[in-house]
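Asks: For reference, the structure I am asking about is given below.
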Amino acid sequence: MRLVLPNPGLDDRIPSHQALERMELEEAGDRPKWDNKLQYMLTCVGFCVGLGNVWRFPYLCQSHGGGAFMIPFLILLVLEGIPLLHLEFAIGQRLRKGSVGVWTAINPHLAGVGVASMLVSFLVGMYYNTIIAWVMWYFFNSFQDPLPWSQCPLIANLTDLEPECKRSSPVDYFWYRETLNTSTAIEESGGLQWWIVISLACAWTTLYVCCIRGIETTGKIYDDLV
């Protein structure tokens with residue numbers, strides 16, 4: 001016995017295999033394609049493995065038992081992670097729509113899931129680019145010798161080290177004072193830091209250059225990195 005949930009109009013919203021083949025022929029010259037399977041696989045890996053996986057996973061692994069943490073991780077990866085990822089790719093290739101269009105095609109009442117997914121992706125992109133801006137700021141400062149976060153700076157009359165830096169460390173001082181220039185209280189919003197604004201503009205410009213022509217440029221960038 002099979003449970004069938006009421007979903008009127010589903011067959012009209014989901015294209016058949018014949019319709020997909022016809023769309024392939026009609027859009028053969030207009031639709032961008034991957035040069036090879038390696039580009040597609042590398043792009044998928046780049047989408048799945050973000051900064052959080054690289055930075056936070058070793059910390060979580062060490063905090064929750066080290067090697068023992070890998071056992072439930074691998075089990076859930078096989079039972080949940082990979083199937084959901086494959087389902088996501090399959091739905092995207094079948095419907096050829098964005099997140100809002102996909103969930104609307106499955107059921108119009110699920111359009112909110114697509115909107116929520118779009119908002120989450122927007123927020124993730126915002127804070128990821130902020131992290132990339134910090135990375136660029138540190139990269140620009142790494143050409144100095146000595147490194148600005150390797151020792152405390154001197155005060156204005158050059159007679160002693162900065163007291164705030166002496167109370168903490170050169171690394172913390174460079175991060176909180178030179179990079180973020182944090183205010184003394186949460187009620188004080190402070191102002192724009194021009195060096196971070198420039199770094200953020202460079203991060204967004206780099207992202208735009210990578211995505212300006214869609215998969216024609218992103219795929220080649222992944223190939224060059226490999």
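The values are calculated or read from the model by the stated rules, or taken from the named source; none is laboratory data. These figures come from a predicted structure and were not determined experimentally. In this analysis, Cβ positions are derived from the backbone assuming ideal geometry, glycine residues included, and neighbour counts consider all displayed protein chains. Note: areas computed on protein heavy atoms with side chains; ligands, DNA, RNA excluded. Shrake-Rupley method; radii C 1.70, N 1.55, O 1.52, S 1.80 Å.
Asks: Considering the alpha-carbon set of segment 49-139 alone, what are its Rg and its Dmax in angstrom?
Replies: Considering segment 49-139 through its Cα atoms, Rg and Dmax are 17.1, 47 Å.
Asks: Here is a follow-up. Run the accessible area of segment 22-155 with a 1.4 Å probe and give the carbon-and-sulfur part as a rounded percent.
Replies: 71
Asks: A follow-up question, please. Suppose only helical runs count, i.e. DSSP H with n ≥ 4. What mean residue ellipticity at 222 nm does that imply for the chain under -39500 (n - 2.57) per run, divided by all residues and rounded to the nearest 500 deg cm²/dmol?
Replies: After summing the helix terms and dividing by residue count, I get -18500 deg cm²/dmol.
Asks: Where does each of 154-164, 108-118 land if you order them by average Cβ count within 10 Å, highest first?
Replies: Highest to lowest by the protection proxy: 108-118, 154-164.
Asks: Which log10 I(q)/I(0) values does segment 113-187 give at q = 0.13, 0.14 Å⁻¹ under the Debye formula, counting every alpha carbon as one identical point scatterer?
Replies: -0.56, -0.62
Asks: Determine the gain in length on full extension of the stretch Asn181-Met126; use 0.36 nm per residue of separation and subtract their C-alpha separation, reporting nm with one decimal.
Replies: 17.8 nm
Asks: Okay, next question. From the Cα gyration tensor of the chain, with a ≥ b ≥ c the square roots of its eigenvalues, which class applies: rounded if a/c is under 1.5, or else prolate if a/b is larger than b/c, or else oblate?
Replies: prolate
Asks: How would segment 146-186 be classified by its alpha-carbon gyration tensor: rounded, prolate or oblate, with rounded meaning a/c under 1.5 and the a/b versus b/c comparison settling the rest?
Replies: Taking the square roots of the gyration eigenvalues as a ≥ b ≥ c, segment 146-186 is oblate.
Asks: Please report how many Lys pairs in the chain have alpha carbons closer than 26 angstrom, counting only residues at least 8 apart along the chain or sitting on separate chains.
Replies: Numbers: Lys33/Lys97; Lys33/Lys220; Lys37/Lys97; Lys37/Lys220; Lys97/Lys220.
Qualifying lysine pairs in the chain: 5.
Asks: Could you order peptides 58-71, 127-140, 199-212 by the average number of other Cβ atoms within 10 Å of their residues, highest first? Intermediate values should be presented prior to the final figure.
Replies: Numbers: 58-71: 10.9, 127-140: 15.3, 199-212: 13.8.
My ranking of the peptides, most packed first, is 127-140, 199-212, 58-71.
Asks: Using 1/(1 + (r/R0)^6) with R0 = 41 angstrom and r between the beta carbons of Val49 and Arg167, what's the FRET efficiency to the nearest 0.05? The partial results should precede the final answer.
Replies: Working: r = 39 Å, r/R0 = 0.94.
With R0 = 41 Å, the Cβ-Cβ based efficiency is 0.60.
Asks: Oh, and also: What do you reckon, how do Trp194, Trp175 stack up by accessible area (1.4 Å probe), largest on top?
Replies: Working: Trp194 165, Trp175 65 Å².
The ranking, largest first, comes out as Trp194, Trp175.
Asks: What's the magnitude of the charge dipole for the chain around its Cα centre, counting Lys and Arg as +1 and Asp and Glu as -1 at the beta-carbon? Answer in Debye, nearest 20.
Replies: Values: 15 positive and 21 negative charges, 115 e Å.
Result for the chain is approximately 560 debye, rounded to the nearest 20.
Asks: Please give the per residue accessible area of the chain, computed with a probe of 1.4 Å over protein heavy atoms only, in Å². Numbers along the way, then the final one.
Replies: Values: 16840 Å² over 226 residues.
About 75 Å² of surface per residue is accessible.
Asks: While we're on this one: Step through the residues of segment 178-183 one at a time and calculate ³J(HN,Hα) from phi using the Karplus curve (6.51 cos²θ - 1.76 cosθ + 1.60, θ = phi - 60°), rounding each to whole Hz and writing x for Gly and Pro.
Replies: Taking θ as phi minus 60°, the curve returns 7, 8, 7, 6, 5, 7 Hz for segment 178-183.
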